[in-house]
Amino acid sequence: MVGSLLSVLASVAAVMASTPPPAGAFAIGVSTEAPASFASPYWQALGIRRTRYVAAWDAVDHAQSRATLDSFLGAARSQGIEVLVAFSRAAGSQCPARPCSAPTPARYAAAFRAFHRRYPWVKLIQPWNEINNPTQPTYSRPDLAAAYYNTVKAICPSCTVPAADLQDVYNFASYLKAFKRAVHGHPTLWGLHNYTSVNRFRDSGTKLALKLLPGRIWLTETGGIYTFRSSGGVVVFPPSANRSARAVSYLLRLTTQHRARLPRLYIYQWDADPTGHFDAGLVDLHGRPRQAYTVLTQYRRYVL
């Protein structure tokens with residue numbers, strides 16, 4: 001069965017690799033934090049060349065997390081995989097519970113300089129992940145999120161930096177308004193996580209972003225949720241491979257419709273979540289493709 005599937009995928013990949021994406025096409029990446037994903041025959045069959053990695057903002061300062069970064073970024077570089085690095089809360093942070101602390105702009109700048117010196121080839125940077133979500137210390141500090149963006153732009157002017165990494169939740173408009181007041185210049189590239197609305201088969205979150213954000217928007221975290229259990233133990237989405245696949249299909253059709261403004265998206269994510277807390281994996285715990293993976297193969301031409 002596995003051999004037959006890989007043979008079919010290889011044939012599809014060969015045909016689509018020879019077919020250039022249509023004008024105005026969007027590009028697809030897949031998020032992972034495990035370099036072993038690159039060796040998966042299913043990853044290779046899709047020819048994935050873009051990924052997103054979430055790192056603690058101070059990862060370079062700590063031996064263990066630094067070694068993990070070295071392993072991931074080194075493996076990606078050796079295989080020609082472009083990485084979008086998004087910084088997030090430090091290990092041990094429990095936002096919105098305690099501890100929940102954010103670095104000062106000066107401390108953040110020192111940590112980013114260390115990162116940039118160690119990995120100068122990484123040119124795609126998100127200063128902070130999901131800034132308007134209560135699980136992040138930037139939730140009530142849009143001015144701080146803006147300061148991190150200003151810092152990255154100043155230290156690495158050659159980097160591509162989405163200005164804000166926003167989730168399509170209730171505070172989107174008010175948070176964005178405050179962020180714009182604090183940010184330097186007039187950014188024309190933004191990040192959006194639209195799976196909140198996409199997994200309910202609504203386009204409201206995406207359309208609000210298109211209305212309020214000037215320029216281009218990268219869908220930096222999006223996909224079909226297989227299962228989701230809240231921190232309080234409430235099952236928001238019971239396990240369903242079929243629903244996850246339908247959400248990915250809806251997402252890709254929606255992105256195609258607005259591809260002039262949404263030129264890139266990163267599917268979250270490749271790996272299944274063994275805890276069952278938030279599982280949007282394209283493959284299951286045994287590394288076998290779920291239905292959502294099959295949906296993605298239909299958009300193979302955009303993965304290159």
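Of the residues that sit in the stretch 228-249 and are in contact with a Lys or Arg (Cβ under 8 Å, 6 or more places away or on another chain) and assigned to a strand (DSSP E or B), which one is farthest from Gln126 (Cα to Cα)?
Here is the first cut: in the stretch 228-249, the residues in contact with a Lys or Arg (Cβ under 8 Å, 6 or more places away or on another chain) are 235-237, 241, 244-245.
Then keep just the ones that are assigned to a strand (DSSP E or B); that gives 235-237.
Values: Val235: 30, Val236: 28, Phe237: 28 Å.
Once the filter is applied, the top-ranked residue is Val235.
Pairs only if they're at least six apart or on different chains, beta carbon under 7 angstrom, first in the stretch 72-94 and touching a residue at least 24 places away in the same chain (Cβ under 8 Å), second β-branched (Val, Ile, Thr) and in a loop (DSSP other than H, G, I, E, B); list them, first residue then second.
Leu73/Val122; Val83/Val122; Val85/Val122
Table: residues versus (1) modelled with pLDDT under 95; (2) within 18 Å of Ser244 (Cα to Cα); (3) out of contact with any Cys (no Cβ under 6 Å at 6 or more places or on another chain); (4) in a loop (DSSP other than H, G, I, E, B).
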residue: Leu166; (1), (2), (3), (4): no, no, yes, no
residue: Ser174; (1), (2), (3), (4): no, no, yes, no
residue: Phe179; (1), (2), (3), (4): no, no, yes, no
residue: Gly185; (1), (2), (3), (4): yes, no, yes, yes
residue: Thr196; (1), (2), (3), (4): yes, yes, yes, no
residue: Arg202; (1), (2), (3), (4): no, yes, yes, yes
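If you scan the stretch 215-246, which residues turn out to be among the hydrophobic types (A, V, I, L, M, F, W, C) and either under 25 Å from His258 (Cβ atoms) or in contact with a Phe, Trp or Tyr (Cβ under 8 Å, 6 or more places away or on another chain) (or both)? Even if it seems obvious, please write down each step before you answer.
Going through the stretch 215-246, the residues among the hydrophobic types (A, V, I, L, M, F, W, C) turn out to be 217-219, 225, 228, 234-237, 241, 245.
Once the filter is applied, which keeps residues that are among the hydrophobic types (A, V, I, L, M, F, W, C) and either under 25 Å from His258 (Cβ atoms) or in contact with a Phe, Trp or Tyr (Cβ under 8 Å, 6 or more places away or on another chain) (or both), the stretch 215-246 yields Ile217, Trp218, Leu219, Ile225, Phe228, Val235, Val236, Phe237, Ala241, Ala245.
Within the bounds of the stretch 137-145, is there any residue that is touching a Phe, Trp or Tyr at 6+ places or on another chain (Cβ under 8 Å) and not in a helix (DSSP H, G or I)?
yes
Take Leu219 and decide whether it is among the hydrophobic types (A, V, I, L, M, F, W, C) and either on the phi > 0 side of the Ramachandran plot or assigned to a helix (DSSP H, G or I) (or both).
On the way: among the hydrophobic types (A, V, I, L, M, F, W, C): yes; either on the phi > 0 side of the Ramachandran plot or assigned to a helix (DSSP H, G or I) (or both): no.
No; evaluated as a whole, the condition is false for this residue.
Select, from Ala146, Ala97, Ala106, Ala63, the only residue that is over 18 Å from Gly29 (Cα atoms) and crowded, with 18+ Cβ neighbours inside 10 Å.
Details: Ala97 fails: crowded, with 18+ Cβ neighbours inside 10 Å; Ala106 fails: crowded, with 18+ Cβ neighbours inside 10 Å; Ala63 fails: crowded, with 18+ Cβ neighbours inside 10 Å.
Going through Ala146, Ala97, Ala106, Ala63 in turn, just one is over 18 Å from Gly29 (Cα atoms) and crowded, with 18+ Cβ neighbours inside 10 Å: Ala146.
Would it be correct to say that Leu252 is under 28 Å from Leu189 (Cα atoms), outside any strand (DSSP E or B) and under 18 Å from the mean Cα position of the chain (by Cα)? Steps first, please.
On the way: under 28 Å from Leu189 (Cα atoms): yes; outside any strand (DSSP E or B): yes; under 18 Å from the mean Cα position of the chain (by Cα): yes.
Criteria met by Leu252.
What is the number of the single condition among (1) free of Cβ contacts under 8 Å to residues at least 60 places away in the same chain; (2) assigned to a helix (DSSP H, G or I); (3) in contact with a strand residue (DSSP E or B) (Cβ under 8 Å, 6 or more places away or on another chain) that Ile225 does not meet?
(2)
Select from the stretch 206-239 the residues that are within 25 Å of Thr135 (Cα to Cα) and among the small types (Gly, Ala, Ser) and list them in ascending order.
Taking the stretch 206-239 first, the residues within 25 Å of Thr135 (Cα to Cα) are 206-210, 212-213, 217-239.
Residues satisfying the conditions are Ala209, Gly223, Gly224, Ser230, Ser231, Gly232, Gly233.
Among the candidates Ile131, Ile125, which residue alone is buried (at least 19 other Cβ atoms within 10 Å of the Cβ) and in a strand (DSSP E or B)?
Working: Ile131 fails: in a strand (DSSP E or B).
From the options Ile131, Ile125, the qualifying one is Ile125.
The values are calculated or read from the model by the stated rules, or taken from the named source; none is laboratory data. Bear in mind that the values here come from a model prediction, so they are computed numbers and not experimental data. Here Cβ is always computed from backbone atoms with ideal geometry, including for glycine, and neighbour counts include all displayed protein chains.
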